[in-house]
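Written below as structure tokens is the structure these notes are about.
The values are calculated or read from the model by the stated rules, or taken from the named source; none is laboratory data. Keep in mind that this is a model prediction, so the values were computed, not measured. Cβ coordinates were reconstructed from backbone atoms using ideal geometry, including for glycine residues, and neighbour counts include every protein chain displayed. Just the protein is used for accessible areas: all its heavy atoms, side chains included, with ligands, DNA and RNA removed. Shrake-Rupley method; radii C 1.70, N 1.55, O 1.52, S 1.80 Å.
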Amino acid sequence: MRISAVAPRGMIAPVPAVPDLPVLPDLSDRTVLVTGANAGLGYFATEQLAAAGAHVLLACRSAERAARAVAAVRARVPGARLDVAGLDLADLGSVAACARAVDVGLDAVLCNAGVTGTDGRRTTADGLELMMGGNAFGHLALVAGLADRLRPGARVVTVGSIASRWSPLDLDDLQAERGFRSFRQYGRSKTAAMALAFTLDRRWRAAGRDGLALAAHPGFAVDVLSPSRPGVVEPSAVARRLARPARLLVQGKDAGAWPLVHACVGAGVRGGGYWGPGGVQELLGPPAPARAHDHVRSSDTGDRLWAAAEQATGLSLAGLA
Ligand SMILES: NC(=O)c1ccc[n+]([C@@H]2O[C@H](COP(=O)([O-])OP(=O)(O)OC[C@H]3O[C@@H](n4cnc5c(N)ncnc54)[C@H](OP(=O)(O)O)[C@@H]3O)[C@@H](O)[C@H]2O)c1
């Protein structure tokens, strides 16, 4: 990948080159489920995995948008091995049905889908606040439902965010019933998703399981700096030109997907790890270990959150851990 985010002193920083696809090993023996695979980071992660030969299950809430993503991948990767599963993370019935429908062993699950903000407090079909309920608890419920399809050494990768840095949880008000601010609740849902990933990994280690649960984040990645994929992402030439200066601190979602893909299939990845872009402030660049704040890694917070997730979803997660 060729990204030079920092210019030598006194020089104007060059506009970084469009990043190449990551060089991945042959993945023809791997199967990866990607949530939210029809758009953004999930789409580009799917494309990169499929290009390396992986069988990818696109778990999406719209069959039509999923079909467009499948067509876009196949236009670039003829013969790509792709299947679609219906998944609405904001409905635990749909989550359970998606998990039941998966009839292959999985080497990785990329818990990527997410809502990044809502206009006022909204709820899932089960009455949970939408971002906490879908981004965090919905993915935990999905992984629980898939537990017996995880192959030995499988990786469960949760997409976190830099927003987790300034978003400690309020364990007494996870559902934002006492006050809702969209950006704050989004950050908390990402903190919760990451904390659940690290808790799952601790529990797997304690139980002697060989799966890896970890987190990864894309830095700051936007559609307008992404390469065009007809039917999926089509930034206009004008918007792309206007966005060029932002390339110093922001990247396309193709590049943002790279740390997520690395966490799913790359070398040197451990359970409990956290990967993100290695460039300036973890905003862009190739994959590198990232730093998760103490409030995200706290085992006390993680255990209490796990119990709260069990209570909120009505699921027993004992089979998962
Ligand atoms: N972009 C960034 O800079 C950035 C930074 C940090 C973290 N992230 C995280 O990265 C993930 C992907 O972000 P993105 O930028 O690629 O967003 P995006 O382009 O808006 O794509 C979001 C994906 O999630 C799916 N989704 C949303 N709600 C869903 C639900 N209830 N059930 C199933 N799928 C659902 C969307 O499906 P539809 O197409 O059907 O809506 C879409 O496929 C999110 O978890 C986000 O928090 C992104």
Given labels modelled 7 Å from the Cα in the Cβ direction, how far is it in nm from residue 244 to residue 51? 2.3
State the answer as a single residue: which of 187, 243, 118 lies farthest towards the positive end of the charge dipole of the stretch 31-313, with beta carbon charges of +1 for Lys and Arg and -1 for Asp and Glu, about the Cα centre. 243
Could you order 236, 167, 94 so the one with the most accessible surface comes first? Probe is 1.4 Å. 236, 94, 167
Quick calc: nm separation of the 7 Å Cα→Cβ label points for residue 81 and residue 118 -> 3.8
Chain lengthening between residue 178 and residue 307 when straightened (0.36 nm per residue, less Cα-Cα): 44.4 nm
Given labels modelled 7 Å from the Cα in the Cβ direction, how far is it in nm from residue 71 to residue 166? 4.1
Size of electric dipole in the chain: Cβ of Lys, Arg +1 and of Asp, Glu -1, about Cα centre, debye, nearest 20: 860
How much of residue 316 can a 1.4 Å solvent probe reach, expressed as accessible area in Å² and rounded to 10? 90
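Could you order 44, 183 so the one with the most accessible surface comes first? Probe is 1.4 Å. It would help to have the intermediate numbers written out before the result.
On the way: 44 5, 183 125 Å².
Putting 44, 183 in descending order of accessible area: 183, 44.
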Tell me, what is the 1.4 Å probe accessible area of residue 254, in Å² to the nearest 10? 20
Can you give me the solvent accessible area of residue 172 with a 1.4 Å probe, rounded to the nearest 10 Å²? 110
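So how do 253, 190 rank on accessible area, 1.4 Å probe, biggest first, that is with the largest at the start? All intermediate terms of the calculation are to be shown ahead of the outcome.
Details: 253 40, 190 10 Å².
From most exposed to least exposed: 253, 190.
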Would you mind computing Rg(Cα) / (2.2 N^0.38 Å) for the stretch 31-313, counting N as its residues? 0.93
Between the Cα axis of helix 182-206 and the main Cα principal axis of the chain, the angle (0 to 90°, nearest 10) is 70
